[in-house]
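One structure below.
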Amino acid sequence: MTEKRHVHPITPVVKVSTYLPALVLVLLFTLGQPLLGEPYGIVVIIGGLVLLIAVALGYEFLSYRRLAFWFDDDGDLRVQSGVVFQQERRLQLSRLQTVDINRPLVARVFGFAALRIEVAGAGDSRADLQYLTEQEAGDLRNEILARSAGLRHDAGEAPEEPLLVVPTKDLLVSLLLRAVTVFLVLLTVFVAVSSILTTGWTGLFTVFLGGVPLAIVFTEFAQLYNFTVAQSPDGLRLRHGLLQTQARTIPPGRVCAVEFVEPLFWRRKGWVRLYVTVAGLTQSDDEAGTESVLLPVAPREVAENLFARVMPGVDAGAVELSRPVSAVKRRSPIQWRHIAAGTDARVAVCTRGRVTRRRQVVDHARVQSVRLTQGPWERPLGLATVHLDLPPGRVTAYWPHFGLEQAAELTHTELGRMAVARASDRSIRWMQGPDGA
Amino acid sequence: MASAVDAAFRVEGDTWHSLSPKLITARRLILSLFAVAFLVVAAVMAIAGAPMWMAGLVAVGGLLIEVIGWPWIGRRVRSWGYAERADDLVVGSGIWFRRIVVVPYGRLQLVDVKAGPIDRAFGLVSVQLHTAAATTDAAIPGLTAETAGDLRDRLAARGEQRSAGL
């Protein structure tokens, strides 16, 4: 067991300054205004504010004192936290999924970073360590990754080889060239015009306060800004963000599925977006869903190269695809031509979509269960859908509307391939090689 | 059982288990309680002086629930079934939306056995299987406590044997 370590003592101040200004503003507007008219109102307000700050600081100080982390004798990370409900969490590093370094705006101003550690498991299986200096956060991440890879903990930072940066212009253009964006622009105009018509120009003010629909696109842009991919022995390292920088590491062999997405207007440019599902990564609070983006936009060739790194040795293009029976035309008149299914020894491939083309490549070893479904619209046509159940994430994989016999055949093949893949899976402690696993 | 989809999974030697017929009784009891609640509301409305047609509508609604739900429950419970195969558990359910879930034993993360108050009165419990995928959704309701306990133990043992990383 290593000695207990604490996060940086400045933490209470940083934490309080992330939420207190907003809280104070809200309180001032709701409670403060009527108080101002009263005698001594201003004194009450100032007194209240001081009290509020003191309470917040006091609470955050207690929780800072309580938060400690160390490595136990098995080499796993223990995190102790909680003021009222105290808990001690053991994060089994052999099941480590990702270690992210996040720099929220306020923390970044102070030069601090937060570390988020995720391990595989149902439900809440993560720990947040906030805040550390950027140096400490980087060192700790390297230590955790080295320990989880089965190396000595003082192995130092794995050398990094930069692979690509998504140009800001491409990102901006790609976000604008989406049907969703067009819809959001129209919605924004509609909301603005209708509120001006009903309440006059003050309506516009309310619209901006309430948030314009188009803001979703800006959020996505800000989150994906300066998207950088680098290869290190720990895995693929992704960094991005304008106001809040995120850094994620995707360890090799933890990738369940990758999705290639081609919206209609991107096709002329030959652009693709990649999403990835990593086992155990719980879906969290990020609005634009950028946590699952492997590559926001890139030419197909670049995307294929990156894909080859997260799923080494897989040639998804060479997988033989089969098409559903002709009854599918009556179930999916628009996209039927693009529905296809295929498997090889390593992966299952699903393609679908006419307007936005999607292709999922799923690792057999990560499929949790196979589901065959038949709805009332499929039954008279003799069709059925095969779903490949994956750990929670952005990618959903299924083979829609295949003939019954085809679906049964696909299911049997998939189950067989899953069993073989599971038996030969050795992604735990990946750096020790097959014998040490 | 009758669905064509199921044929896909009928392998020689599989024994397809159905749910306990007592589940039909238990579910019909719950249904009847609902219907009775509607009738009570209708009666109260009539006594309290609401227009007769309104009270009548509520009463008819209650009767409709009973009449439509009664045979539906029978079909739905009978549509359910499961088979323990060599490497996986197969659970089939549904009439309109027929679905068959195949869960390899090595993928099972936990097996829940639970029972509500009415089910318990009939000596029934339900078994819920969980994998790392939230979409797996394999549940077997209406087993006798003994069957469910045995099933859970067998699943746990096989899961242990064949457990794989994520």
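Structure summary
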{"read-out": "Convex hull of Cα atoms in the stretch A:1-154, direction-averaged projection (nm²)", "value": "10.7 nm²"}
{"read-out": "C-alpha long axis of helix A:300-310 to longest principal axis of chain A, angle in °", "value": "80 degrees"}
{"read-out": "Principal semi-axes in Å for the stretch B:14-166 [√(5λ), Cα gyration tensor, largest first]", "value": "40, 14, 14"}
{"read-out": "Helical mean residue ellipticity (222 nm; -39500 (n - 2.57) per DSSP H run of 4+; nearest 500) of the protein assembly as shown", "value": "-12500 deg cm²/dmol"}
{"read-out": "Model label zone, A:Ser424; criterion: amide N under 15 Å from point 7 Å along Cα-to-beta-carbon; scope the stretch A:319-363", "value": "A:344-348, A:363"}
{"read-out": "Mean Cβ count within 10 Å, highest first, over the residues of peptides A:97-103, A:67-73, A:338-344", "value": "A:97-103, A:338-344, A:67-73"}
{"read-out": "Alpha carbon Rg of chain A, scaled by the compact-globule rule 2.2 N^0.38 Å", "value": "1.15"}
{"read-out": "0 to 90° range, to nearest 10: angle between helix A:41-66 axis and chain A longest Cα axis", "value": "50 degrees"}
{"read-out": "On Cα atoms only, tilt of B:52-79 relative to the major axis of chain B in degrees", "value": "20 degrees"}
{"read-out": "Relative contact order %, chain A, counting alpha carbon pairs below 8 Å whose residues are six or more apart", "value": "12 percent"}
{"read-out": "Sites B:Ala48 and B:Ala134 - FRET efficiency at Förster radius 41 Å, r taken between beta-carbons, to 0.05", "value": "0.30"}
{"read-out": "Surface/4 of the Cα convex hull for the stretch A:288-382, nm²", "value": "8.0 nm²"}
{"read-out": "Taking chain B and dividing mean pair separation by its residue count, relative contact order in percent (alpha carbons under 8 Å, at least six apart)", "value": "22 percent"}
{"read-out": "Length released on extending from A:Leu35 to A:Gln80, taking residue separation times 0.36 nm less the Cα-Cα span", "value": "12.0 nm"}
{"read-out": "Taking B:Met45, A:Met1 and counting other C-beta atoms within 10 Å, the order from fewest to most", "value": "A:Met1, B:Met45"}
{"read-out": "Residues whose placed amide H lies under 5 Å from that of B:Leu110, excluding near-sequence neighbours", "value": "B:His130"}
{"read-out": "Nearby aspartates and glutamates by direct alpha-carbon distance to A:Lys15 (threshold 12 angstrom, same-chain neighbours under 8 apart not counted)", "value": "A:Glu60"}
{"read-out": "Of B:Ala48, B:Ala132, B:Ala121, the one that fluctuates the most in a GNM where chain B has Cα springs shorter than 10 Å", "value": "B:Ala48"}
{"read-out": "Residue order, fewest to most surrounding Cβ atoms within 10 angstrom, among A:Glu118, A:Glu405, A:Glu301", "value": "A:Glu301, A:Glu405, A:Glu118"}
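Taken together, the values in this text are just the output of simple stated rules run on the coordinates, not laboratory data. For clarity, every value in this text was computed on a predicted model and none was experimentally measured. When we count neighbours, we look across all protein chains shown, and the Cβ atoms used for this are built from the backbone with ideal geometry, even at glycine.
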